[in-house]
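Reading through the C-alpha cells given below for one structure.
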Amino acid sequence: MLKSCANPQCAKPLHYLREGRIFVFDAVRTAGDGEGMKAHRMEHFWLCGACSEIMTLEQTRSGVRVVDKVNLRMRRVEALTKRDLVGQVLAS
Ligand SMILES: [Zn+2]
C-alpha cells in the first residue's frame, strides 16, 4: 500500500508525497466470525503527479478503481441533465 501510483498502467514508485495526490477511503470489511462485526479501516492510495492531472479514484462496491476525470465529469453532467429534464417535465 502506498508504495506506488494507484494507476496499474503507471505504477510509478512513490518517493515524494508532495507530488501527486493522496486518496483516503473508508473500507468496511465484515469480520470472519459471521456475527456481523464490521471493521472500519482507512485505506490510502496515491496517484502520481501525472496521473492525478487526468485521473481520480472512485470507490465502488468491488473496491477502488482509477477513473478518467473527463469521463467522471461527463457522467456527472449527464446525471445533472437528466435531473433537469425530469424537473422540466414535472414543472410543465
Ligand atoms: Zn501514475
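For the stretch 4-15, the Karplus equation 6.51 cos²θ - 1.76 cosθ + 1.60, evaluated at θ = phi - 60°, returns couplings of 8, 4, 5, 6, x, 6, 10, 6, 5, x, 7, 10 Hz by residue, with Gly and Pro reported as x. Using the Karplus relation 6.51 cos²θ - 1.76 cosθ + 1.60 with θ = phi - 60°, the per-residue 3J(HN,Hα) values for the stretch 69-75 come to 4, 5, 4, 5, 5, 5, 5 Hz, with x marking Gly and Pro.
Taking amide H as placed 1.01 Å from N in the peptide plane, the amide H of residue 55 sits under 5 Å from that of 69, each at least 5 places away or on another chain. The amide H of residue 7, built 1.01 Å from its N in the peptide plane, has 48 as neighbours under 5 Å, considering only residues 5 or more places off or on other chains.
Residues whose amide H comes within less than 5 Å of that of residue 19, counting only those at least five positions distant or on another chain, are absent (H built at 1.01 Å from N in the peptide plane). Using the Cβ of residue 26 as centre and a radius below 9 Å, the other residues enclosed give a net charge of 0, where K and R count +1 and D and E count -1.
Each label point was placed 7 Å from the Cα along the Cα-to-Cβ direction; for residue 81 and residue 9 their separation is 2.4 nm.
FYI, it's all coordinate maths here, none of it is from the lab. Note that the coordinates shown come from a computational prediction; the quantities given were computed from them, not determined experimentally. Heads up, the Cβs are rebuilt from the backbone with ideal geometry, glycines too, and the neighbour counts pull from every protein chain shown.
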